[in-house]
Amino acid sequence: MRVLEYLLLSDPMKDALSEQLNHEFYSAYLYLAMSAYRSHENFNGAAQWMQLQYEEEHVHATKIYDYLVDQGAHVKLLRIAAPSDQYGSILEVFQASLAHEQEMTNRLNELSDRALKEKDHATYNLLQWFVNEQVEEEATVGGIIAKLQLVKDDGYGLLMVDNELGSRPAAQPDGA
Ligand code: FEO
């Protein structure tokens with residue numbers, strides 16, 4: 001059967017977005033692994049925070065998937081790498097989160113550069129949503145790290161931060 005063929009993306013851009021789709025799914029997987037680790041350590045607030053982040057990353061992946069479908073691409077899903085099951089202290093897990101988000105920001109900036117170079121304004125527009133989202137994500141995680149650095153190993157302080165993390169509101173339907 002002849003399939004719908006109206007691809008509006010260049011092949012390199014389609015491949016790059018497929019890779020980014022994979023990175024977003026990996027992000028979801030990473031946060032789920034972090035949540036599992038924190039649950040095991042009885043930091044239930046942090047575990048809940050990571051669980052919500054897992055859901056948010058899933059929405060991000062779906063946003064790219066839907067865009068590829070709308071642009072007429074035949075989406076090919078790539079293998080998702082297995083994240084670590086060890087993340088150290090609660091501070092270290094958020095430091096790992098920040099490092100991961102900074103890496104994602106670099107990827108999205110490079111993709112935006114590519115879209116501009118190709119004069120692909122639709123993709124550039126999509127990517128700007130992600131670029132703006134990264135600013136918020138890095139700021140949020142940076143704020144959590146600052147609090148954890150302040151309380152250091154103080155048990156009461158850690159409990160307070162963990163409780164606060166557990167009150168994170170559910171992810172918005174648009175993944176913001
Ligand atoms: Fe998909 Fe953590 O940004």
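Every number here is computed from the coordinates shown, using simple stated rules; none is lab data. Since the structure is predicted, the reported quantities are computational estimates derived from the model, not experimental observations. As a convention, Cβ positions derive from the backbone with ideal geometry for all residues, glycine included, and neighbour counts pool all protein chains shown.
Just to confirm the filter: which chymotrypsin sites (Phe, Trp or Tyr not before Pro) across region 1-98 are DSSP coil and have at most 11 other Cβ within 10 angstrom of their Cβ? Please report the intermediate quantities before stating the final value.
Values: sites: 6, 25, 26, 29, 31, 37, 43, 49, 54, 65, 67, 87, 94; in loops: 6, 43, 87.
For chymotrypsin sites (Phe, Trp or Tyr not before Pro) across region 1-98 that sit outside H, G, I, E and B with at most 11 neighbouring Cβ atoms in 10 Å, the list reads 6.
Of 61, 16, 146, which is the most mobile in a GNM of the chain whose springs link Cα atoms less than 10 angstrom apart?
146
On alpha-carbon atoms, Rg over Rh for region 3-90 using Kirkwood Rh? Don't skip to the end; give the middle numbers.
Working: Rg = 16.1 Å, Rh = 14.2 Å.
Rounded to two decimals, Rg over Rh is 1.13.
Comparing 100, 23, 58, which has the greatest mean-square fluctuation in the GNM of the chain with Cα pairs linked when under 10 Å apart?
Comparing 100, 23, 58 in the GNM, the peak value goes to 100.
Do any GluC sites (Glu not before Pro) in region 40-95 lie in a loop, going by DSSP, with at most 16 other beta-carbon atoms within 10 Å of their beta carbon, and if so which? Please report the intermediate quantities before stating the final value.
Values: sites: 41, 55, 56, 57, 92; in loops: 41.
When the GluC sites (Glu not before Pro) of region 40-95 are filtered for loop state and at most 16 Cβ neighbours within 10 Å, 41 remain.
Starting from 0.36 nm per residue, how many nanometres of slack lie between residue 145 and residue 109 once their C-alpha separation is accounted for? Write down the numbers at each step before the final one.
Working: separation 36, 0.36 × 36 = 12.96 nm, distance 2.39 nm.
Working it through step by step, the gained length comes to 10.6 nm.
Restrict the search to region 104-176; then list the trypsin sites (Lys or Arg not before Pro) that DSSP places in a loop and that have at most 16 other Cβ atoms within 10 Å of their Cβ.
Values: sites: 107, 114, 117, 119, 147, 152; in loops: 119, 152.
Sites meeting the loop and neighbour criteria: 119, 152.
Which FRET efficiency, nearest 0.05, do residue 70 and residue 135 yield, Cβ-Cβ r, R0 45 Å? Could the numbers behind the result be given before it?
Numbers: r = 25 Å, r/R0 = 0.56.
FRET efficiency, residue 70 to residue 135: 0.95.
Please compute the Kirkwood hydrodynamic radius over the chain, one decimal place, Å, based on all pairs of different Cα atoms.
Working: mean 1/r = 0.0578 Å⁻¹.
Evaluated on the chain, it is 17.3 Å.
Once amide H atoms are placed 1.01 Å from N in the peptide plane, what residues at a sequence separation of 5 or more from residue 175, or on another chain, have their amide H within under 5 Å of its amide H?
none
Between 86, 51, 134, which gets the highest mean-square fluctuation from a Gaussian network model of the chain, Cα cutoff 10 Å?
For the chain, modelled as a Gaussian network with Cα springs under 10 Å, the answer is 86.
Work out how much length residue 153 to residue 89 would gain on full extension: take 0.36 nm times their residue separation and subtract the Cα-Cα distance, in nm to one decimal.
Numbers: separation 64, 0.36 × 64 = 23.04 nm, distance 0.98 nm.
Gain on stretching residue 153 to residue 89: 22.1 nm.
What spacing in nm lies between the two simple spin-label points modelled at residue 59 and residue 99, each 7 Å away from Cα in the Cβ direction?
Placing both labels 7 Å along Cα→Cβ, they lie 2.8 nm apart.
May I ask you to sort 59, 161 by Cβ crowding, counting other Cβ atoms within 10 Å and putting the fewest first?
Numbers: 59 16, 161 22.
Lowest count first: 59, 161.
Which value results for Rg/Rh of region 66-111 when Rg is the Cα radius of gyration and Rh the Kirkwood radius based on the inverse mean 1/r?
Working: Rg = 15.4 Å, Rh = 13.5 Å.
Here the Rg-to-Rh quotient is 1.14.
Express the C-alpha Rg of region 106-176 as a ratio against the empirical globular expectation 2.2 N^0.38 Å, rounded to two decimals. Walk me through the intermediate numbers first.
On the way: Rg = 17.4 Å, N = 71, 2.2 N^0.38 = 11.1 Å.
My calculation over the Cα atoms of region 106-176 gives 1.57.
Could you list 39, 84 so that the one with the fewest beta carbons within 10 Å of its beta carbon is first and the one with the most is last? Let's see the in-between values first.
Values: 39 15, 84 10.
Placing the least packed residue first, the sequence is 84, 39.
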